[in-house]
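Read through the structure below, which is laid out as structure tokens, and then see the notes.
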Amino acid sequence: IEIYSLHVDCKVTSRFAHTIITSKIVNRANESREATFEVELPKSAFITNFSMSIDGKVYPGIIKEKASAQKEYDAAVSHGQSAGLVKITGRKLEQFHVSVSIAAASKVTFELAYEELLKRQLGKFELLIKVRPKQLVKHFQIDVHIFEPQGIRFLETDSTFMTNELTEALTKVQNETKAHILFKPTVDQQKINPELDETLLNGDFVVRYDVKRGATAGDIQIVNGYFVHYFAPREMPVFPKNVIFVIDRSGSMAGRKIEQTRDALLKILQDLRPEDHFSFITFNSKVAEWKSSLLQATADNVASAAGFVQTLSASGGTDINRALLTAVSMLDKAERLPGRSVSMMILLTDGQPTSGESNVEVIQENIQKAVNGKYALFCLGFGFDVSYKFLEKMALSNGGIARRIYENADAALQLQGFYQEVATPILMKIEMQYPENAIEGLTKNNFKLFFEGSEIIVSGKISNELDLLPVEIKAQTHASDLTLKEEANVKEKEQVFQNQSYVFGNFIERLWAYLTIQQLLEKSISAEEEDKKTLEAQALELSLQYNFVTPLTSMVVTKPTGQQQTELANKPTEAG
């Protein structure tokens, strides 16, 4: 079985990435063989299309509602389940894997398309392409086109498998608003060494970039009556933070995990700003406060905290409920905190609540009542014994986010990386306002906090014949209340994307659908049962209308007769 051609074709238009992977395989044996198509795609992406064509006949994947697809599948497959075509393979990726039997001398072409909105983190966008053909490929290429009307501020490529020979196969062409990256290694360049038919191509190929930002009220782009508004202010004064680290030191944290936690906390302590206030609460079946109140991050206090962190050891049970309630009450009682400041709790745990209150619903309720919208709660789940669903719901209900920390050598770096994302709050209570009667289907437009290095994205449909789209942004900065105004000329904005070869049709409409589905699903996590159903129904309708494989839809892949006929591609989620 020979993969004679493998193309990754990626168009990024204004952060929205559309990727098509095409693999052409020939069976050189004189009897039928299994041809396998195995690719990895980002977890944040939605698959939109898949097809196999065998000797000219096309077998498309059909996207349906998950429940009905499952029913169909169960009816077709009476003899036991297959594992489904998609599974999570790492912290950023999931794998799509399908095999089909093809006759001697036959050819098959696999094609998979997926879309994602690139998210700005720590000041850059990252496009991740996983490369692992497992054999030498005669025609191999990665072709990336980027079009950013705001202008490209910087662009870099990075890869985990580059050698000097392979660098020669990489070209980058760039002007003010466009970039083209082509990676096209010959068979000889792909070899680990000239004698062996083994490939070097195994790992990540990454493109990182950021855009230029001029206008203070962000940047508006419009195509076919849909708009997207990007807002990422810079050079603003930073809010002082009041942060309590709530650290699990139960028995399961013993050994490497607690060591990595200590390493990360020591680094994080160095990153605190002098005007920040902080404290530690550690817990197993008992809850211990390092100090009875928050301390200012002076050199002395930070040094004393570092001494404390170095003594952290792990044993005993897990009382998440009491640990968090203790943190909330410490923030409630705090005095002498800076007037305009941001208060947050960062919980790190690796297990289920086993001591004290262990019913997760009761804990969620307790915490939400106590926090009452005053503070942000971030939940970091260490490893795979945590109930990620529980942590995610708790974070999203309290203005924060959840993240899984993978038990690898770089866990300390993952913890630090997370801290850096939330280390620099520069705006609070952000409201993005648009004319009410002229916009439909507006995505989330108010945000509690904005952190330096990230980006706010709002999208919607301009309902009537507007010539000018006025926007107003209200927010609080550390110094004052802020109001920014801007007017977008609809006709002018529409022209930016005309006759651009980089643009795939109605990309802002698809971006709007992608963002709306993501937000409906996120909202449904912390919603009450009744609302949950409504939110999911809306997300399902959009998933079907725009042909996305989301947690509510499945793609049914049908193979030629005589093989296990149907297989399902589902979207795995972090919460499993």
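Residue-wise test of (1) surrounded by fewer than 17 Cβ atoms within 10 Å (Cβ to Cβ); (2) on the phi > 0 side of the Ramachandran plot; (3) out of contact with any Phe, Trp or Tyr (no Cβ under 9 Å at 6 or more places or on another chain).
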position	(1), (2), (3)
K184	yes, no, no
D197	yes, no, yes
G203	yes, yes, no
K212	yes, no, yes
V228	no, no, no
P233	no, no, no
F239	no, no, yes
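Can you give me the number of residues within the range 145-174 that are farther than 22 Å from H18 by Cβ, open to solvent by 70 Å² or more (accessible area, probe 1.4 Å), in contact (Cβ under 8 Å) with a residue 12 or more places away in the chain and out of contact with any Phe, Trp or Tyr (no Cβ under 9 Å at 6 or more places or on another chain)?
Summing the residues that are farther than 22 Å from H18 by Cβ, open to solvent by 70 Å² or more (accessible area, probe 1.4 Å), in contact (Cβ under 8 Å) with a residue 12 or more places away in the chain and out of contact with any Phe, Trp or Tyr (no Cβ under 9 Å at 6 or more places or on another chain) in the range 145-174 gives 2.
Taking D9 as meeting all but one of (1) under 24 Å from the mean Cα position of the chain (by Cα); (2) buried (at least 23 other Cβ atoms within 10 Å of the Cβ), write down the number of the exception.
All conditions pass for D9, except number (2).
For A527, which of the numbered conditions (1) farther than 23 Å from Q368 by Cα; (2) of a type outside the set (F, W, Y); (3) modelled with pLDDT under 95 fails to hold?
It is condition (1) that A527 fails.
Having 3 or more residues that are over 26 Å from D481 (Cβ atoms) is the bar; report the strands (runs of 3 or more DSSP E) wholly within the range 215-329 that clear it. I'd like the intermediate steps shown before the answer.
On the way: elements: 219-223, 226-231, 241-248, 277-283, 287-289.
Answer list for the range 215-329: 219-223, 241-248, 277-283, 287-289.
Would you please list the contacts, defined by Cβ atoms under 7 Å and residues six or more apart or on different chains, that run from a residue in the range 358-370 that is under 16 Å from T318 (Cα atoms) to a residue that is open to solvent by 40 Å² or more (accessible area, probe 1.4 Å)?
Listed by first residue and then by second, the contacts come to I363/E357; Q364/K393.
From the list F50, F46, pick out the single residue that is touching a helix residue (DSSP H, G or I) at 6+ places or on another chain (Cβ under 9 Å), surrounded by 18 or more Cβ atoms within 10 Å (Cβ to Cβ) and at pLDDT 95 or above.
Values: F50 fails: touching a helix residue (DSSP H, G or I) at 6+ places or on another chain (Cβ under 9 Å).
Matching residue, one of F50, F46: F46.
Within the range 290-300, can you find the residues that are of a type outside the set (S, T, Y) and either buried (at least 19 other Cβ atoms within 10 Å of the Cβ) or under 12 Å from L337 (Cα atoms) (or both)? Give the derivation first.
So the first thing to find is which residues in the range 290-300 are of a type outside the set (S, T, Y), and the list is 290-291, 294-297, 299-300.
Result: L294, L295, Q296, A297.
With at pLDDT below 95, under 24 Å from E259 (Cα atoms) and open to solvent by 50 Å² or more (accessible area, probe 1.4 Å) as the only criterion, which of Q352, Q310 stands out? Let's see the steps before the verdict.
Numbers: Q310 fails: at pLDDT below 95.
Exactly one residue qualifies, and that residue is Q352.
Being acidic (D, E) and closer than 19 Å to N202 by Cα is the filter here; which residues of the range 152-171 pass it? Lay out the reasoning, then the answer.
Here is the first cut: in the range 152-171, the ones acidic (D, E) are 156, 158, 165, 168.
If the condition is that a residue be acidic (D, E) and closer than 19 Å to N202 by Cα, then D158, E165, E168 are the ones that fit.
Which one is nearest to P149 (Cα to Cα), of the residues in the range 168-186 that are assigned to a loop (DSSP other than H, G, I, E, B) and touching a strand residue (DSSP E or B) at 6+ places or on another chain (Cβ under 9 Å)? Lay out the reasoning, then the answer.
Applying the first criterion (assigned to a loop (DSSP other than H, G, I, E, B)) to the range 168-186 yields 168-169, 175-177, 184-186.
Next cut, touching a strand residue (DSSP E or B) at 6+ places or on another chain (Cβ under 9 Å) only: 169, 175-177, 184-186.
Working: A169: 28, N175: 11, E176: 9, T177: 5, K184: 27, P185: 30, T186: 34 Å.
So, considering only residues that are assigned to a loop (DSSP other than H, G, I, E, B) and touching a strand residue (DSSP E or B) at 6+ places or on another chain (Cβ under 9 Å), the one nearest to P149 (Cα to Cα) is T177.
Residues that are closer than 30 Å to Q221 by Cα and of a type in the set (S, T, Y): does the range 367-383 have at least one?
no
Do we find that F283 is touching a residue at least 40 places away in the same chain (Cβ under 8 Å) and among the aromatic types (F, W, Y) in this structure? Let's see the steps before the verdict.
Numbers: touching a residue at least 40 places away in the same chain (Cβ under 8 Å): yes; among the aromatic types (F, W, Y): yes.
Here the answer is yes, as F283 does meet what is asked.
Where residues in the range 508-535 are free of Cβ contacts under 8 Å to residues at least 24 places away in the same chain and not in a helix (DSSP H, G or I), which of them is surrounded by the most Cβ atoms within 10 Å (Cβ to Cβ)?
A527
Looking for whichever is under 26 Å from H277 (Cβ atoms) and touching a helix residue (DSSP H, G or I) at 6+ places or on another chain (Cβ under 9 Å) here; the options are I401, I426, I430. Which one fits? Steps first, please.
Values: I426 fails: touching a helix residue (DSSP H, G or I) at 6+ places or on another chain (Cβ under 9 Å); I430 fails: touching a helix residue (DSSP H, G or I) at 6+ places or on another chain (Cβ under 9 Å).
I401 is the lone residue from the list that is under 26 Å from H277 (Cβ atoms) and touching a helix residue (DSSP H, G or I) at 6+ places or on another chain (Cβ under 9 Å).
When you check V287 against the structure, is it crowded, with 16+ Cβ neighbours inside 10 Å, of a type in the set (V, I, T) and closer than 19 Å to G351 by Cα, yes or no? Break it down into steps so the answer makes sense when it comes.
Numbers: crowded, with 16+ Cβ neighbours inside 10 Å: yes; of a type in the set (V, I, T): yes; closer than 19 Å to G351 by Cα: yes.
Criteria met by V287.
Give just the number: which of (1) within 22 Å of the chain's Cα centre (by Cα); (2) surrounded by fewer than 20 Cβ atoms within 10 Å (Cβ to Cβ); (3) modelled with pLDDT of 95 or more does E431 not satisfy?
Going through the list (1) within 22 Å of the chain's Cα centre (by Cα); (2) surrounded by fewer than 20 Cβ atoms within 10 Å (Cβ to Cβ); (3) modelled with pLDDT of 95 or more, E431 breaks only (1).
What are the residues in the range 118-141 that are under 22 Å from the mean Cα position of the chain (by Cα), buried (at least 18 other Cβ atoms within 10 Å of the Cβ) and either closer than 15 Å to F205 by Cα or of a type in the set (S, T, N, Q) (or both), if any?
Those that are under 22 Å from the mean Cα position of the chain (by Cα), buried (at least 18 other Cβ atoms within 10 Å of the Cβ) and either closer than 15 Å to F205 by Cα or of a type in the set (S, T, N, Q) (or both): F125, L127, L128, I129, K130, V131.
In the range 541-558, what residues are outside any helix (DSSP H, G or I) and open to solvent by less than 20 Å² (accessible area, probe 1.4 Å)?
Filtering the range 541-558 for residues outside any helix (DSSP H, G or I) gives 546-558.
Passing the criteria: Y546, F548, V549, T550, T553, S554, M555, V556, V557.
The values are calculated or read from the model by the stated rules, or taken from the named source; none is laboratory data. All of these numbers come straight from a predicted model, not from anything done at the bench. Virtual Cβ from ideal backbone geometry, glycine too; neighbours counted across all protein chains shown. Quick note on the areas: whole protein, heavy atoms, side chains included, nothing else; ligands and nucleic acids left out. Shrake-Rupley method; radii C 1.70, N 1.55, O 1.52, S 1.80 Å.
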